[in-house]
Amino acid sequence: MVLPDLCLERNREKTDIEYINLDLDLKPVFKGKKYFLRTYGCQMNVHDSEEIKYYLENLGYDACDTLEDADIVVLNTCAIRENAKDKVYGYLGRCKHLKSLKKDLIICLAGCLMQEPHEIENIRQNHPYIDIIVGTHNLYDLPKLIAKASGKQNIEVYSNSDKVYENIRYSRDSKISAWINIAYGCDKFCTYCIVPYTRGRERSRKMENILEEVKYLKNHGYLEVTLLGQNVNAYGKDLNLGYDFAILLEEVAKIGIARIRFVTSHPWNFTDQMIDVIAKYPNIMPYIHLPIQSGSDDILKKMNRKYTIEEYKELFNKIKKKIKNVSVTTDIIVGFPGETEEDFQKTLDIVEYCKYDGAYTFIYSKRVGTSAAKMPDPTPMSEKEERLRRLNEVVNKYSLMNNQKLLNKEVEVLVTGESEKGSNKVCGYTDTFKLVNIEGNKDLIGKIVKVKIIDAKSFSLDGIALPEEVKN
Ligand code: SAH
Ligand code: SF4
Ligand code: F3S
């Protein structure tokens with residue numbers, strides 16, 4: 001089999017984006033049946049799963065917690081690294097076994113992995129028991145595909161992405177905090193990354209539709225929205241309507257919802273106006289996820305990240321200076337093709353410099369079709385694993401140090417649910433996006449409460465709720 005060269009996509013024609021209002025009429029024809037949904041990957045996929053849930057529930061399916069009880073299984077897949085893919089194929093083993101016992105079971109694959117032509121080919125040839133494959137650009141086809149599931153494999157995946165759908169409905173996981181897509185896709189083409197191929201070209205939603213959604217959520221009791229885009233700074237650039245991310249953020253803030261967050265910010269074209277807006281509005285949370293990826297200019301160049309370490313430091317310092325009490329987290333890849341010990345040392349240096357509140361760290365994973373996949377990569381895996389271990393040591397040291405600064409302090413926490421750390425405990429996040437486990441009962445869920453921090457670890461804080469609730 002010849003593997004398709006995904007890089008050809010880079011030359012796809014720039015056509016105008018078409019805006020379409022979805023108008024689906026769903027009937028509960030599967031009443032009494034059960035669905036099992038499993039989500040892999042990032043917040044985009046988590047939010048897409050809320051759309052999938054809406055379709056399933058409005059077709060009459062009820063959720064179930066065990067695979068074995070399901071009449072339909074949906075795996076919403078991720079392609080970002082090899083281990084994300086391995087997890088999906090590992091789980092498919094269980095699904096295949098179940099299908100051999102339960103012939104009517106419908107198995108459906110959705111998500112980023114399904115946007116890769118060679119993966120579809122693999123499913124076609126080696127996994128005939130899978131009933132439905134739906135792509136990231138046409139999730140709305142899922143009800144139609146389920147209705148006509150017939151024992152024959154049904155694949156509906158589009159490679160082009162020149163449409164933005166409005167009026168999408170979601171069964172949201174939370175009644176307190178909501179995801180909102182502001183832009184789809186990515187045009188940055190970092191050389192290691194599969195996302196531009198699986199999520200398509202960058203396309204922004206119109207501002208009026210986003211603001212309507214925020215108002216609707218606020219009116220329905222939501223206290224927090226997180227604006228989602230692979231690169232939120234690029235918001236609006238494709239629209240040419242005279243607005244950008246700073247203007248959108250300010251308009252969202254004026255609606256007066258209690259907490260506003262956004263992910264992800266690319267260090268490239270993070271404007272002063274954006275910093276000023278974040279600093280000005282108390283309901284925009286002082287938390288920025290600012291992926292650096294590497295501390296070496298040579299590697300950043302090979303990654304096509306479009307900034308130097310000097311530029312990153314300048315931006316970082318501006319953010320720290322202008323936004324009071326801001327916390328900054330990052331993403332780092334070790335073992336990018338050709339990364340030397342000297343390059344890696346520079347990554348350790350930038351972590352020492354920025355003293356991040358937290359970092360997601362990864363070993364480089366080769367993705368078929370990306371341009372980094374063709375670069376020579378002589379470093380052995382054992383060396384990459386050792387670099388990751390050394391990096392995590394430094395990252396964890398600073399996470400703990402930053403968390404310890406909050407010991408005995410009072411912080412405001414939006415309580416989002418029960419804690420995994422035992423009964424009579426709830427949990428939530430500080431404005432700076434630190435997870436706090438709180439001694440207190442379930443009545444606190446859905447409130448912003450004052451909490452006194454009594455213990456600090458690398459990845460979470462412990463606290464006691466104080467009687468006074470914060471008024472919004
Ligand atoms: N759009 C976001 C990130 C999306 S992917 C951004 O640009 O910040 C999340 C993270 O996964 C990336 O920041 C990167 O650190 C990591 N990642 C992406 N592709 C990878 C690969 N091929 N191997 C290892 N890590 C990768
Ligand atoms: Fe991937 Fe880079 Fe786009 Fe982020 S900005 S999604 S890392 S290509
Ligand atoms: Fe997200 Fe994975 Fe796709 S990280 S955008 S679900 S490849």
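What does the extension gain come out to for Q404 and K215, with contour length at 0.36 nm per residue minus their alpha carbon separation?
64.4 nm
Can you tell me how segment 341-469 classifies by the Cα gyration tensor, rounded, prolate or oblate, using a/c under 1.5 as the rounded cut?
Judged from the Cα gyration tensor, segment 341-469 comes out prolate (a/c at least 1.5, a/b above b/c).
Quick check on the chain: helices-only [θ] at 222 nm, where DSSP H runs of length 4 and up contribute -39,500 (n - 2.57) each and the sum goes over total residues. Nearest 500, please.
-10000 deg cm²/dmol, from helical runs alone.
Listed here are the pairs K99/K163; K237/K313; K53/K87; K280/K425; K148/K206; which of them are more than 28 Å apart at the Cα?
Going by Cα-Cα distance, K99/K163; K280/K425; K148/K206 fall outside the 28 Å limit.
Where the centroid of each part is defined by its Cα atoms, how far is segment 135-151 from segment 332-359 in Å?
43
Decide, for segment 410-469, between rounded, prolate and oblate: order the square roots of the alpha carbon gyration tensor eigenvalues as a ≥ b ≥ c, take rounded if a/c falls under 1.5, and otherwise choose prolate if a/b is larger than b/c, else oblate.
rounded
Zone of Q345 (label point 7 Å along Cα→Cβ, backbone N under 20 Å): which residues in segment 298-313?
Zone members listed by number: 298-301, 309-310.
Under the rule of at least 5 residues apart or a separate chain, name every residue whose amide H is placed under 5 Å from the amide H of S419.
HN-HN under 5 Å from S419: K425, V426, C427.
With every protein chain present, what is the per residue accessible area of segment 295-421 (1.4 Å probe, Å²)?
50
Only Cα pairs under 8 Å and at least 6 apart count here; give the relative contact order of the chain as a rounded whole percent.
RCO, the chain: 10 percent.
If you roll a 1.4 Å probe over the heavy atoms of the protein chains, what accessible area per residue do you get for segment 48-130, in Å²?
Using a 1.4 Å probe on heavy atoms only, each residue of segment 48-130 averages 40 Å².
Would you be so kind as to identify which of T370, S399, G417 lies farthest towards the positive end of the dipole of segment 340-455, taking Lys and Arg as +1 and Asp and Glu as -1 on Cβ and the Cα centre as origin?
G417
Once amide H atoms are placed 1.01 Å from N in the peptide plane, what residues at a sequence separation of 5 or more from T191, or on another chain, have their amide H within under 5 Å of its amide H?
Answer set, sorted by chain and number: N304.
Which of the pairs K318/K355; K320/K346; K254/K320; K355/K434; K320/K450; K320/K442 have their Cα atoms more than 26 Å apart in this structure?
K320/K442
I need to check one value: relative contact order of segment 197-299, counting alpha carbon pairs closer than 8 Å and at least 6 residues apart, in percent.
27 percent.
If you look at just the Cα atoms of the chain, how large are its Rg and its Dmax in Å?
Rg and Dmax of the chain, Cα atoms, are 22.7, 65 Å.
So what is the relative contact order for segment 410-469, in percent, with contacts set as C-alpha pairs under 8 Å and at least six apart?
Worked out over segment 410-469, it gives 33 percent.
Shape call for segment 8-160 from the C-alpha gyration tensor, a ≥ b ≥ c root eigenvalues: rounded (a/c under 1.5), prolate (a/b greater than b/c) or oblate?
It comes out oblate by the Cα gyration axes.
State to the nearest 20 debye the size of the charge dipole of segment 69-226 about its Cα centre, where the only charges are +1 on K and R beta carbons and -1 on D and E beta carbons.
Roughly 200 debye for segment 69-226.
The values are calculated or read from the model by the stated rules, or taken from the named source; none is laboratory data. Owing to the predicted nature of the structure, the values given are computational and were not obtained by experimental measurement. Note: ideal-geometry Cβ built from the backbone for every residue, glycine included; neighbour counts use all protein chains shown. When the accessible area is computed, the model is the full protein with side chains, heavy atoms only, and any ligands, DNA or RNA have been set aside. Shrake-Rupley method; radii C 1.70, N 1.55, O 1.52, S 1.80 Å.
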